[in-house]
Amino acid sequence: MGQVPKGLIVTLHGWGANADDLASLSPFFNLPSYQFIFPNAPFPFPNSSFGRAWYDLRMENMYQGLAESRQILIDWLQSLESSTGVPLSRTILSGFSQGGAMTLDVGLTLPLAGLICMSGYLHPGAGTNVETRNFASLPPVLITHGRQDTVVPLQAALRAKETLESLKVAVEYHEFDMGHEIRPEMLEIVRNFVVNL
């Protein structure tokens, strides 16, 4: 039986990517005492054989599958302690793009250690179900976004920041001169956020 990790960092990939897309980043965070978990989204991506999706983003089916993905993710996160020995209070949920949106959606309903949203956005109506939670305070949130992001505009990050702050969430917010991507200087910010939780 190995040592229980200091914490879990669960990272959700974006639309059309898969778990392998972000897994290669874990060494760059330089957080050896944390266990990283990269789940695959439940739905196949419509345009590729290996891509996955948390829900549909095509105009004709916008947000189809979101309710199922939300429930699958909540149930799975709540089951992690039994397999890892790490409680939700030491679990950080993070995600990129659509994964970032899922992070904010699901993360506000669970007593997690913290949330990291990279190049993400808030779902319509997100945060309105916050009153239903049965724990004292909402987890702190780190938002990182590129000023030149043409996939998820910077405005989405600013809107998420304002909405979360109105819910009394502690938000750390960083913009970078980049597009829809993850850069080394961003990883340093993420690492500091995790270490200081």
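The values are calculated or read from the model by the stated rules, or taken from the named source; none is laboratory data. Everything numeric in this text was worked out from a predicted model, so none of it was measured. Cβ: placed from backbone, ideal geometry, glycine included. Neighbour counts: every protein chain shown. Note: accessible area is taken over every heavy atom of the protein model, side chains too, but ligands, DNA and RNA are not part of it. Shrake-Rupley method; radii C 1.70, N 1.55, O 1.52, S 1.80 Å.
Just a few scattered comments:
- Here the dipole of the chain is about 320 debye; that uses its Cα centre as origin and unit charges on the Cβ of Lys and Arg (positive) and Asp and Glu (negative).
- Anisotropy class of segment 3-87 from Cα gyration tensor, a/c 1.5 cut: oblate
- Residue-averaged [θ]222 nm for the chain, counting only DSSP H segments that reach four residues, each worth -39500 (n - 2.57): -9500 deg cm²/dmol
- Solvent-accessible surface (1.4 angstrom probe) belonging to L122, in square angstrom, nearest 10: 40
- Peptides 44-54, 86-96, 108-118, 143-153 ranked from most to least packed give 108-118, 86-96, 143-153, 44-54, packing being the mean of other C-beta atoms within 10 angstrom over each peptide's residues.
- For the set S33, S83, the ranking by accessible area, highest first and with no ligand, DNA or RNA atoms included, is S83, S33 under a 1.4 Å probe.
- Solvent accessible area, Å² - V171, 1.4 Å probe, full protein context: 40
- The equivalent ellipsoid that matches the C-alpha gyration tensor of the chain spans semi-axes of 22, 19, 19 angstrom, in descending order.
- Accessible area of K161 in the full protein assembly, 1.4 Å probe (Å², nearest 10): 50
- Cβ charges +1 (Lys, Arg) and -1 (Asp, Glu), total dipole of segment 32-142, debye: 180
- Amide hydrogen neighbours beyond the local backbone of F36, cut-off 5 Å, H modeled: I9
- Carbon/sulfur fraction of accessible area - the chain, other protein chains in place, 1.4 Å, %: 53
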